Amino acid sequence: MERKRSYEDGCAFAQALDLVGERWALLIMRELMFGPRRFTDLKETLPGIATNMLTQRLVGLEDAGVLRRVDLPRPARGKAYALTAWGLAFREPLRVIGIWASRSPRLRFDRPLSAAAAMLSLESMFDPGRAKDMCLAVDLRLPDGEFTLRVGDGHLDVAPGRVDNPDCVVTGDQNALLPVLYAGKPVTAALADGSLVVEGDIDALRRLAGAFRDLAPLEG
């Protein structure tokens, strides 16, 4: 096991980086934000990580109190990893980092996002001012999980699972959904090319797209 390095700095930010600043650590946390995942699940959603590196990072994050090993309930069963309450509290810092990074002039759009990454990006791109009069619920059926988006009182809630009586149900890949929400791709175009299927009120998806800010880098 490699020896963990430290900044030996009294600043809380530096000490936080001692805990989660190693390469891949934050991405592992990202993938666990919506529920427990098996080792194989993490390896699949982080295809660039070596098996021994994933093992090292999981051990380090567990030692730091960020995650823990759990038993999955039936019918899944088996061992998995889940964030502790303290680890889950990093969701807000991830949202803020996402807002900052989305304004980078070097942000790339040619690489796919995992379902967890896409759902967290929704929180970063949400604009409360555009959604202040909006009230809707949209179920997402993605290849790697199901999520519900609820918008009300200028707030977006992203949670795993389904909701009763959503305004619409969207089935498809998250990487086909994001261009509709962020890049101005018309819903009709996504339906026509088969990348998305919408059941229920199609206009609800159009309204949802209006709740996110434009991707525009900061200048100067």
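The values are calculated or read from the model by the stated rules, or taken from the named source; none is laboratory data. Computed from a prediction, not measured in an experiment: that's the story for all the values here. Positions of Cβ are generated from backbone atoms using ideal geometry, with glycine treated the same way; all protein chains shown enter the neighbour counts. To get the accessible areas, we keep the full protein, side chains included, count just its heavy atoms, and leave off ligands, DNA and RNA. Shrake-Rupley method; radii C 1.70, N 1.55, O 1.52, S 1.80 Å.
Scanning the range 165-185 for residues that are in a loop (DSSP other than H, G, I, E, B) and at pLDDT 95 or above, we see that the one that is nearest to the chain's Cα centre (by Cα) is Asp173.
Summed over the range 1-24, residues that are at pLDDT 90 or above and touching a Ser or Thr at 6+ places or on another chain (Cβ under 8 Å) total 0.
The sole residue among Gly200, Gly194 that is open to solvent by less than 60 Å² (accessible area, probe 1.4 Å), more than 23 Å from Arg213 (Cα to Cα) and modelled with pLDDT of 95 or more is Gly194.
So that you can scan it fast, the table gives a plain yes or no per residue for (1) crowded, with 19+ Cβ neighbours inside 10 Å; (2) modelled with pLDDT of 95 or more; (3) small (Gly, Ala, Ser):
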residue: Arg108; (1), (2), (3): no, no, no
residue: Arg111; (1), (2), (3): no, no, no
residue: Ser114; (1), (2), (3): yes, yes, yes
residue: Leu122; (1), (2), (3): yes, yes, no
residue: Phe126; (1), (2), (3): yes, yes, no
residue: Met134; (1), (2), (3): no, yes, no
residue: Asp139; (1), (2), (3): yes, yes, no
residue: Asp144; (1), (2), (3): no, no, no
residue: Phe147; (1), (2), (3): yes, yes, no
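Checked against (1) within 25 Å of Val20 (Cα to Cα); (2) open to solvent by less than 40 Å² (accessible area, probe 1.4 Å); (3) polar (S, T, N, Q), Ser104 meets all criteria but (2).
A quick yes/no check of all residues on (1) open to solvent by 80 Å² or more (accessible area, probe 1.4 Å); (2) in contact (Cβ under 8 Å) with a residue 60 or more places away in the chain; (3) assigned to a helix (DSSP H, G or I); (4) not aliphatic (A, V, I, L, M):
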{"site": "Glu8", "(1), (2), (3), (4)": "yes, no, no, yes"}
{"site": "Gln15", "(1), (2), (3), (4)": "yes, no, yes, yes"}
{"site": "Glu22", "(1), (2), (3), (4)": "no, no, no, yes"}
{"site": "Ile28", "(1), (2), (3), (4)": "no, no, yes, no"}
{"site": "Gly35", "(1), (2), (3), (4)": "no, yes, no, yes"}
{"site": "Lys43", "(1), (2), (3), (4)": "no, no, yes, yes"}
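For the range 151-162, filtering for residues that are more than 19 Å from the chain's Cα centre (by Cα) and open to solvent by less than 60 Å² (accessible area, probe 1.4 Å) leaves 2.
Exactly one residue among Ile99, Ile49 is farther than 23 Å from Asp157 by Cα, among the aliphatic types (A, V, I, L, M) and open to solvent by less than 50 Å² (accessible area, probe 1.4 Å), and that residue is Ile49.
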